[in-house]
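Quick notes on the structure that follows.
The values are calculated or read from the model by the stated rules, or taken from the named source; none is laboratory data. Please read these numbers as outputs of a predicted model, since none were measured by experiment. Ideal geometry is used to build each Cβ from the backbone, glycine not excepted, and the neighbour counts take in all protein chains shown. In case anyone asks, the SASA skips ligands and DNA or RNA and just uses the protein heavy atoms, side chains included. Shrake-Rupley method; radii C 1.70, N 1.55, O 1.52, S 1.80 Å.
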2 protein chains.
Amino acid sequence: MSLPHAILTALLEKPSSGLELTRRFDKSIGYFWSATHQQIYRELGKLEQAGHIRALPAPVPARGQKKEYEVLPAGLVELTTWVARSEDPKPLRSSLLLRMRAAAMVGSTGLRAELERHLALHQAQLDEYLVIEARDFPAARPRPEPDRLRHLVLRGGIDLERFWVEWLTHALAELGGE
Amino acid sequence: MSLPHAILTALLEKPSSGLELTRRFDKSIGYFWSATHQQIYRELGKLEQAGHIRALPAPVPARGQKKEYEVLPAGLVELTTWVARSEDPKPLRSSLLLRMRAAAMVGSTGLRAELERHLALHQAQLDEYLVIEARDFPAARPRPEPDRLRHLVLRGGIDLERFWVEWLTHALAELGGE
DNA sequence: CTTGCCATGTAACCGGTTACATGATTTT
DNA sequence: AAAATCATGTAACCGGTTACATGGCAAG
């Protein structure tokens, strides 16, 4: 049940329409909780019904017309209690690790190319994160808590990509020429 | 579309019944592709229908009776081609990172306890992996390829847990007393 | 002969994914 | 006025989750 809270967070940062949310998900919150525009519209409807958000009054409400949403006090309460809520981490699901395990049974033919492809993807994502870090979090400390928290989140993304890059590099070396 | 291939791999390692598979998932393949017994029975049905596996003939087939499955040649082909197949990594989904991002907007009250809980969980998982590594992969190299691949998979799990342990430790330090 | 466990399932639901539909606005 | 783009949606599907049902078998 994380998507509604992802949306509440995004709307708190800045009231937005569905499409704007979709775009911001693509380059920010979506880095660790992605969503398509269909999901977002569906969820906005539910959140409005629940009284957690409301559509800002539009001059002429109509289909195909932009609708801006903002968070209501009830939504703020919901998000605040959710932050303190406890939830187990979902078990890992990696089809790449699974593939490697299968390769141990049926041979690793063709696996190398896939590892190289993933390495490039993770390296690219890492580079993207590092650019954001340099832009949004230049040296200078200490910082106010909100900034520290946002930086920690980004750090998580960075270190996770670094893990993949290192593991894939190691795996390719270990696999040897095929 | 990974579950069927996880099952094929497990059945190649050793022909099993549905419940046996469920148990083996809980302590091996399930570390990176978990499944409940309902999923497994459903998938076994599909795989049998597709001609990828077959139930070994039982003396008295009946409901509530154990059914052993084995992989058929078609299943082996399917798994082999799947290993070489290319598939993008699913985008990361971490409700913990999301929670921290929300905390940057509404305050981090109650977050510390959750971080500590996750730290303990990941530390426990890491310890479990390390025991398995010591048991199944004692020093001595070089090794045949299948063993190298299985060890790489386990290494992935280990390094991933290490990442979480380190990041959570860092986050707790950075968060400071609350 | 009841309790508990082994083993195989069915049913309902839910979030995420993919494909498509529709209206409004801007560009050419 | 046709084409492209912005913006909001509907519908169908699919894998994973939760709750429950059913039968066989062994222990006390």
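Brief remarks on what is shown
- Of the GluC sites (Glu not before Pro) in region B:10-106, not one is in a loop by DSSP (not H, G, I, E or B) with at most 12 other beta carbons within 10 Å.
- Accessible area per residue, Å², region A:3-84 with all protein chains present, probe 1.4 Å: 53 Å²
- At most 12 other Cβ within 10 Å, DSSP loop - trypsin sites (Lys or Arg not before Pro), region A:1-35: A:Lys27
- Placing a label point 7 Å from Cα along the Cα-to-Cβ axis, A:Lys90 is separated from the same position in the other copies by 0.5 nm, shortest listed first.
- With contacts taken as Cα pairs under 8 Å at a separation of at least 6 residues, region B:3-84 carries a relative contact order of 37 percent.
- Inter-copy label distances at B:Arg143, using a point 7 Å along Cα-to-Cβ, come to 4.1 nm with the shortest given first.
- A full extension of the chain between B:Glu166 and B:Lys27 corresponds to an added length of 47.6 nm, given 0.36 nm per residue minus the alpha carbon distance.
- Test item: B:104-117 mean partner chain Cβ contacts at 10 Å: 6
- Sparsely packed trypsin sites (Lys or Arg not before Pro) within region A:63-102, loop by DSSP, other Cβ within 10 Å at most 14: A:Arg63, A:Lys66, A:Arg85
- Buried accessible surface for the B/A chain pair comes to about 6700 Å², total over both chains, computed with a 1.4 Å probe.
- In angstrom, the C-alpha Rg and Dmax of region B:108-166 are 15.0, 52.
- Tilt relative to chain A, helix A:95-106 - C-alpha long axis, 0 to 90 degrees, to 10: 30 degrees
- Tilt relative to chain B, helix B:73-84 - C-alpha long axis, 0 to 90 degrees, to 10: 30 degrees
- Within straight-line reach of A:Lys90, meaning a Cα separation under 28 Å, sit the following lysines at least 8 residues removed in sequence or on another chain: A:Lys27, A:Lys46, B:Lys14, B:Lys27, B:Lys46, B:Lys90.
- Size-normalised alpha-carbon gyration radius of the protein assembly as shown, reference 2.2 N^0.38 Å: 1.14
- Scanning chain A for the Cβ atom closest to the axis that brings A onto B yields residue and whole-Å distance A:Phe163, 2.
- Among A:Thr9, A:Thr109, the order of accessible area from largest down is A:Thr109, A:Thr9, computed with a 1.4 Å probe on protein heavy atoms.
- Here's the picture: charge each Lys and Arg Cβ at +1 and each Asp and Glu Cβ at -1 in region B:1-122, and of B:Ile40, B:Ala113, B:Trp82 the one pushed furthest to the positive end of that dipole is B:Ala113.
- Other copies of B:Ala113: label-to-label distances in nm, shortest first, labels 7 Å along the beta-carbon direction: 5.3
- Heavy-atom accessible surface of chain A: percent carbon and sulfur, 1.4 Å: 57 percent
- The solvent-accessible area of B:Val165, taken with every protein chain present and a 1.4 Å probe, is close to 20 Å².
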